[in-house]
Amino acid sequence: MKNIHIFILCAILFCFCSCSKHIPAEFEVVGMSLTNAENTGESPSEATTNNVPKQAYAIKIILNEEMRKKTEGDAQENGFINEDKLVGLNIFSLYSFDATHPAKTSLNDYFLTSLKSSATINALISSGVIGGGSLKNGNYTDSWSTNQYLYLMTPPALTGAHSFVVKIDLSDGRSMCDTVNVTLY
Amino acid sequence: MENKNLIWICVIFLRCISYAQDNKLPTIDSSDFAKNHKVNFCFTWFEAGAGIPLKEKKLQDLPYGMNHYLYSPKTNLAGGLFGIGLYYKNHWGITVIYYFQDYSVSDANYKNYISNQFPNYYLPYGVQAHTYSLNNINYRLSYRFHKNRFTFEPQFQLGLNDYNDFETHFVLKEEGSNNFIEYDIKKVNQKKNILSYQAALITRYRFTKPQWKWNIEPGLRIGFMIVPTNYNYTISYNSYNMPATVNEVNIKQLNPAINITVVLGAFRK
């Protein structure tokens, strides 16, 4: 009888002790630049020229990030969170894109942040998440960069040159903006 | 409600054990089975081994690729943990045990089906056939008898299971463009509970010494299990910004399987 009580006690203690809380490390997005990407293969890659098939065009956003608050414990399990939330993202062309989208009107509805229908620009803004953490040999690093692709899902009817502008707004009041030139064919 | 029942069963078990201990006769020094209790206690530390599913031929004829999705399950893990049993006069026993079993269908045929259906699309990593697991407290009724140092125990097992699986969702990317197809298989359970039924035989070898209060009993358990299920499956796929193609099919399965596990437990003399 005594053994059973000890066993039950051990089982209860095990349940209470087996989990510990992980606090994510915080990073900050400090810079942004754009390049052209093409997505004709299985996954997107940086375009080698400024001529990209319009059916497979993507804007590659390179986000420069820096570590702000490291947390104790296993870095991999702790995870990461961006210190400043994404509160706005706007894509527009400096030229007329199509009949309903003259120059400098938002093209957010024409782009997805990944290849699934729920991955809209609005969904990304709602999540507030931008960028991502990075580890080297399981340890935190001080600075790094991550890529975010924006896939053009409704290509223009005509081929031609475009200048896409991407502007992001962060919760601490900062804004970042860059332009990329491409000829879509 | 289920947890409440479990707590009550545990309380009743512990009371019975306590009763048996309090009322035991003077200890008989014996290497054989103690016959001094009306009720004996048995603890199963673990059971672990293989669940070998038997193919259900009727699944071969399912439409919309569900034949590839469901047919041809492969051998997976099956087992139990922390079984607590009470045996009346060393023969009739009731046991509660946490039981679990994984099931998965071989992916190869289903991947081929999807590749053939969408030839100009890249097959993503997430394409896999049906995978699920059963687990929960199971209840056993058994009869135990002995021959020399061997114990044989035919038993019937009933399980009221949690049925956990992954809903199938994957995205196929078109070659040469950003276009993609989202493919989903969703299902709705038509039964109130997922019950499992198992007929099994445990053969144990008994290690014992006169001064031991417990016999150590490793053994082998062989069981035949069925888990009747009834699901309405909805298979849908659509290109970006295009209307979805939706198909529905109702599938009843028995999920028969042979389970072979090694067992380690202790039996109170």
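Values in this text are rule-based calculations from the coordinates and carry no lab data. Because the structure is a prediction, the values reported are computed rather than measured. Heads up, the Cβs are rebuilt from the backbone with ideal geometry, glycines too, and the neighbour counts pull from every protein chain shown.
List the aspartates and glutamates whose Cα sits under 18 Å from the Cα of residue A:54, skipping any in the same chain fewer than 8 residues away. Here the aspartates and glutamates satisfying the reach criterion relative to residue A:54 are A:38, A:42, A:46, A:98, A:109, B:174, B:175.
Residues B:206, A:68 in ascending order of nearby Cβ atoms (within 10 Å, fewest first): A:68, B:206.
Measuring between their Cα centroids, region B:80-118 and region B:230-245 lie 30 Å from each other.
Please compute the net charge surrounding residue A:184, taking Lys and Arg as +1 and Asp and Glu as -1 over other residues with Cβ under 12 Å from its Cβ. Net local charge, residue A:184 excluded: -1.
Note on chain B: GNM, Cα springs under 10 Å; of B:65, B:80, B:126, the largest mean-square fluctuation is that of B:126. Between residue A:163 and residue A:74, the simple spin-label model (points 7 angstrom out along Cα→Cβ) gives 5.1 nm. Sequentially through region A:128-139, phi angles give Karplus couplings (6.51, -1.76, 1.60; θ = phi - 60°) of x, 8, 9, x, x, x, 8, 10, 10, 6, x, 10 Hz, Gly and Pro residues having no value and appearing as x. With each label modelled as a point 7 angstrom along the Cα→C-beta vector, the residue B:136-residue B:152 pair spans 3.3 nm. A Gaussian network model of chain B, with springs between Cα atoms under 10 Å, assigns the largest mean-square fluctuation among B:135, B:179, B:67 to B:179.
Net charge of the neighbourhood of residue B:78, taken over other residues with C-beta under 13 Å away and scored Lys/Arg +1, Asp/Glu -1, is 0.
Centre-to-centre, using Cα atoms only, region A:141-180 and region A:88-126 are separated by 10 Å.
Within the straight-line cut-off of under 18 Å between alpha carbons, the aspartates and glutamates reachable from residue A:104 are A:169, A:178, sequence neighbours fewer than 8 places apart in one chain being disregarded. A Gaussian network model of chain B, with springs between Cα atoms under 10 Å, assigns the largest mean-square fluctuation among B:87, B:113, B:69 to B:113.
A straight Cα-to-Cα reach below 17 Å connects residue A:21 with the aspartates and glutamates A:72, A:74, A:77, residues fewer than 8 places away in its own chain not being considered.
Taking other C-beta atoms within 10 angstrom as a stand-in for reagent exposure, A:67, B:242, B:225 fall in the order B:242, A:67, B:225, fewest first. Angle of helix A:2-17 to the longest C-alpha principal axis of chain A, folded into 0 to 90 degrees and rounded to 10: 30°. Computed from the C-beta positions of residue B:212 and residue B:46 and an R0 of 25 Å, the FRET efficiency is 0.80 to the nearest 0.05. Relative contact order of chain A: 28 percent, from C-alpha pairs under 8 Å at least 6 residues apart in sequence.
Between 0 and 90 degrees, the angle of helix B:2-22 with respect to the longest Cα principal axis of chain B falls at about 20 degrees. Taking the C-alpha atoms only, the angle from helix B:108-117 to the longest principal axis of chain B is near 20 degrees. Legend: residue pairs B:74/B:192; A:85/A:167; A:136/A:167; B:191/B:252; B:74/B:173, Cα-Cα distance threshold 20 Å; pairs beyond threshold, B:74/B:192; A:136/A:167; B:74/B:173. Listing B:100, B:166, A:111 from fewest to most neighbouring C-beta atoms within 10 Å gives B:166, B:100, A:111.
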